[in-house]
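Report on one structure; see the data block that follows.
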Amino acid sequence: MTNPRQAGRAAFTLVEMIATVTILGIIGAATLPVIESAGTLYAESASMSRSVERASFAIDRASRVLREIPITDTNSGLAIEHVRSDSIALASGDSLALSDGRLVITKDGRTAVLCSDVSRFEIIALGADGITRTEGSPEDTRRIMLSLVADGVEIRTSVFPRAAMGVLP
């Protein structure tokens with residue numbers, strides 16, 4: 001049989017219980033800001049990752065369309081109808097354009113939004129020397145520079161249309 005005095009000694013005293021709760025409260029208060037900042041950083045990182053992924057997809061898709069620009073029927077240059085700072089239209093009817101903060105693609109008669117929340121989309125068409133701008137004579141284009149800014153993420157690339165490589169002067 002257990003002695004009542006021994007049973008009381010095996011348990012926590014009220015002072016020990018209060019001290020334990022106080023220490024756990026201090027530890028919890030000290031770690032809460034660390035856990036909160038880690039959660040905030042994760043959310044910001046995930047948001048930035050989504051933005052980069054969306055912008056990368058858009059610039060990649062735009063590059064693929066421009067890489068496949070055909071040659072004109074007379075083999076005198078690329079089949080580009082017009083090039084502006086924020087749009088390009090091909091003789092096939094395909095196009096890329098910035099419209100109301102959205103990068104819009106028209107391919108095979110269908111239109112789709114490649115990326116929204118676009119603050120800047122810039123197209124620069126260059127000739128064979130890589131310096132001369134060819135907006136006035138788009139069929140002479142040999143290189144197209146693209147720049148896209150969406151959700152604070154900027155991506156740039158150069159596109160060399162395959163039809164122009166080795167075929168056109």
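In this structure, does Ser63 turn out to be in contact (Cβ under 8 Å) with a residue 24 or more places away in the chain, over 15 Å from Arg142 (Cα atoms) and of a type outside the set (A, V, I, L, M)? When the stated conditions are applied, Ser63 does not pass them.
In the set Ala150, Ala97, Ala128, only one residue is hydrophobic (A, V, I, L, M, F, W, C), more than 20 Å from the chain's Cα centre (by Cα) and surrounded by 14 or more Cβ atoms within 10 Å (Cβ to Cβ); that residue is Ala128.
Please find, within the stretch 1-21, the residue that is modelled with the lowest pLDDT out of those that are in a loop (DSSP other than H, G, I, E, B) and among the polar types (S, T, N, Q). If we take residues in the stretch 1-21 being in a loop (DSSP other than H, G, I, E, B) and among the polar types (S, T, N, Q), then Thr2 is modelled with the lowest pLDDT. Per the listing Ile80, Ile71, the residue uniquely modelled with pLDDT under 90 and under 16 Å from Pro161 (Cα atoms) is Ile71. Among the residues of the stretch 38-66, those identified as among the hydroxyl-bearing types (Ser, Thr, Tyr), more than 8 Å from the chain's Cα centre (by Cα) and surrounded by fewer than 16 Cβ atoms within 10 Å (Cβ to Cβ) are Thr40, Tyr42, Ser45, Ser47. Considering each residue of the stretch 86-95 in turn, none proves to be among the hydrophobic types (A, V, I, L, M, F, W, C) and in contact (Cβ under 8 Å) with a residue 60 or more places away in the chain. The residues in the stretch 100-125 that are buried (at least 17 other Cβ atoms within 10 Å of the Cβ) and of a type in the set (Ser, Thr, Tyr) can be counted, and the count is 1.
The values are calculated or read from the model by the stated rules, or taken from the named source; none is laboratory data. If you're wondering where the values come from, they're calculated on a predicted model, not measured in any experiment. As a convention, Cβ positions derive from the backbone with ideal geometry for all residues, glycine included, and neighbour counts pool all protein chains shown.
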